[in-house]
Amino acid sequence: MTDMAPGTAARPEQPVFELLDVEKVFQVRPPGSIFSRRTVGLPALDGVRLKVRRGASVALVGESGSGKSTLLRVLLGLDEPTNGRALYNARPIGEMRRAGPAFARDVAMVYQDARGSIDPRMNVGAAIAEPLRHFGIVPPGEIPGRIAELLDRVGLSPDTALRYVSGLSGGQVRRVAIARALASEPSVLVADEAVSGLDVSTQAQLLNLLRRLQREMGLTLLFITHDLGVASYLCEEIAIMYLGRIVETGPTDAVLAAPAHPYSAALRKAAPEFSAPITEPLPGEIPSPLNLPKGCRFAGRCPRAAADCRDVDPELRSHGAGRMVACLHPLDAP
Ligand SMILES: Nc1ncnc2c1ncn2[C@@H]1O[C@H](COP(=O)(O)OP(=O)(O)O)[C@@H](O)[C@H]1O
Ligand code: SF4
Ligand SMILES: [Mg+2]
C-alpha cells in the first residue's frame with residue numbers, strides 16, 4: 001500500500017475525502033449574449049457534503065449536468081472549490097496536490113475517454129511505464145516485469161505491452177487504462193463512466209474486474225455512473241446528485257430498495273430492472289443552474305411538493321441507518 005505524505009498518517013476512522021459545503025461556481029456568458037463580456041456565476045456544485053471512508057466503494061449517480069464530473073475534479077484537486085472545504089486525510093486537497101507527488105500517486109483516475117487518455121504513439125508497455133518511472137515505483141530494470149504483472153492483474157496477456165491502443169478493442173483499452181491507474185500503487189481509484197459505451201458482456205467483465213481489484217487491494221473506489229445497475233453491482237454506497245447537490249446518500253441496496261428522496265425514487269422507477277442506464281431526463285422542467293428556484297430545486301418536478309418546498313431549501317439530514325436525505329417530506333420505508 002502507498003506511503004502517506006508526511007503529516008498525513010490517517011486514523012482508521014478518518015474519512016479519506018471530506019467535502020464540507022463545497023461550492024464550485026463557473027463564470028459563463030449568459031445564454032444569448034455571445035458578444036457581451038458580462039459573465040454570470042453557474043453553480044456546478046452548490047453546498048455539497050460528502051464523506052468517503054477508507055476502503056469504501058461509492059457510486060456517484062445523477063443525470064447529465066448534475067455536477068458529477070465537477071465533483072471528481074474537486075476531489076482530484078484539478079478544480080479548487082469557490083467556497084467550502086475539500087479535504088483529503090483532513091488536509092485541503094489543493095494544498096496536498098501542490099505539496100508533491102504523494103497525492104497524485106495515491107489517488108489514481110480512470111478517465112471516461114480511456115482511448116483518448118493514452119498517447120496513440122506509445123505502445124501499451126510505454127504507456128504503463130510512464131507512471132512507474134514518474135513516481136519511481138520500481139528500479140528501471142524491474143519495469144518490464146512490473147508491466148507484465150499489471151497487465152496480468154487486469155486480465156491481459158504480457159504481449160499486449162507491444163501493441164498500440166488503436167489496435168485494441170474498447171474493453172481492452174479500458175483494461176489498459178485500469179492497469180495504468182494501478183501502476184502508481186494508489187489507495188484510491190476514481191473513475192468517470194469507466195464502463196459506459198461498451199456492450200453488456202464487456203461491461204460485466206470490467207465490473208467484475210473492478211470489484212475484484214477493489215476488494216483484493218482494499219482500494220477506496222469512487223465511481224461515477226448514470227446506470228443504477230452498475231452502481232448496485234459495484235458500490236456498497238451511493239450518492240445521488242441533482243443540480244449540483246447530493247440529495248441522498250446511504251448503503252446502495254437500502255437506498256435503491258426504498259429511496260427516501262422523490263428524485264431517487266423517480267430514477268429508480270425509470271430503471272426498474274436495474275439494467276437501463278439513465279439516458280432520458282425525467283419528465284418535468286429542470287431549472288437552469290443559472291436561475292435556481294427559491295426553496296427545493298426539485299420542487300418543479302416533484303410529485304410530493306408541498307407549499308413549504310417552494311420556500312425552504314432542504315439540507316442533507318440523517319435518515320437513519322447510515323442514510324442521509326435532503327428533502328422536507330422524505331418517502332417512508334415501505
Ligand atoms: N469548465 C466549465 N465551465 C463552465 N461550466 C461548466 C464547466 N464544467 C461544467 N460546467 C457546468 O457545470 C454543470 C455540471 O457539469 P458536470 O460536472 O460536467 O456534470 P455531469 O458530469 O454530472 O454531467 C453543468 O451545467 C455544466 O454545463
Ligand atoms: S423538499 Fe419537497 S419538493 Fe423537494 S424533494 Fe422533498 S417533497 Fe419534493
Ligand atoms: Mg460528467
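Read-outs: derived from the displayed coordinates by stated rules, not from any lab. In this text the structure is predicted, and so the values were computed from the model without any measurement. Every residue, glycine as well, gets a Cβ built from its backbone with ideal geometry; the counts of neighbours run over all protein chains shown.
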remark   = quick shape note, the range 17-325: Cα extents on principal axes in Å, largest first -> 68, 46, 39
message = From the helices alone, meaning DSSP H stretches of at least four residues, give me the mean residue ellipticity at 222 nm for the chain, per-run term -39500 (n - 2.57), in deg cm²/dmol to the nearest 500.
response = -8000 deg cm²/dmol
request  = Measure of size requested: the Rg and Dmax of the range 113-263, with Cα atoms as the atom set and Å as the unit; please supply both.
outcome  = 17.0, 57
ask   = Using modelled amide H (1.01 Å from N, peptide plane; none on Pro or chain starts), what sits under 5 Å from the amide H of residue 79, excluding residues fewer than 5 places away?
value = 74
note = A correct fewest-to-most ranking of 135, 298 by other Cβ atoms within 10 Å would be 135, 298
task = Output the antiparallel fraction of DSSP beta bridges having both residues in the chain, as a percent to the nearest 5.
result = 60 percent
ask   = In percent, what relative contact order does the chain have, based on Cα pairs under 8 Å that are 6 or more apart in sequence?
value = 19 percent
Chain lengthening between residue 312 and residue 196 when straightened (0.36 nm per residue, less Cα-Cα) = 38.1 nm
key: For residue 68, net neighbour charge (Lys/Arg +1, Asp/Glu -1) across residues whose Cβ lies under 11 Å away   = -2
Charge sum, other residues only, whose C-beta stays under 11 Å from residue 109's C-beta, Lys/Arg counted +1 and Asp/Glu -1 = +1
ask   = lysines near residue 51 by alpha-carbon distance under 25 Å, same-chain residues fewer than 8 away left out - which ones?
value = 24, 68
note = Under 5 Å from the placed amide H of residue 246, counting only residues 5+ away or on other chains, we find 49
task = May I ask you to compute the full-extension gain from residue 115 to residue 13, defined as 0.36 nm times their residue separation minus their alpha-carbon distance, rounded to one decimal in nm?
result = 33.0 nm
ask   = Which of the listed residues, 229, 70, 263, is farthest toward the dipole's positive end in the chain, when Lys, Arg count +1 and Asp, Glu count -1 at the beta-carbon?
value = 70
note = Here the range 105-119 yields Karplus 3J(HN,Hα) values (6.51, -1.76, 1.60; θ = phi - 60°; whole Hz; Gly and Pro given as x) of 6, 7, 10, 9, 10, 9, 6, 4, 9, 4, 5, x, 7, 10, 4
inquiry  = Skipping prolines and chain starts, which residues have an amide H placed within reach, meaning under 5 Å, of the one on residue 57, given they are 5 or more residues away or on another chain?
reply    = 221, 236, 237
task = Rounded to whole Hz and in sequence order, give me ³J(HN,Hα) for the range 81-97 from the Karplus expression 6.51 cos²θ - 1.76 cosθ + 1.60, θ = phi - 60°, writing x for Gly and Pro.
result = x, 6, 9, x, 10, 10, 10, 10, 6, 6, 10, x, 4, x, 5, 4, 5
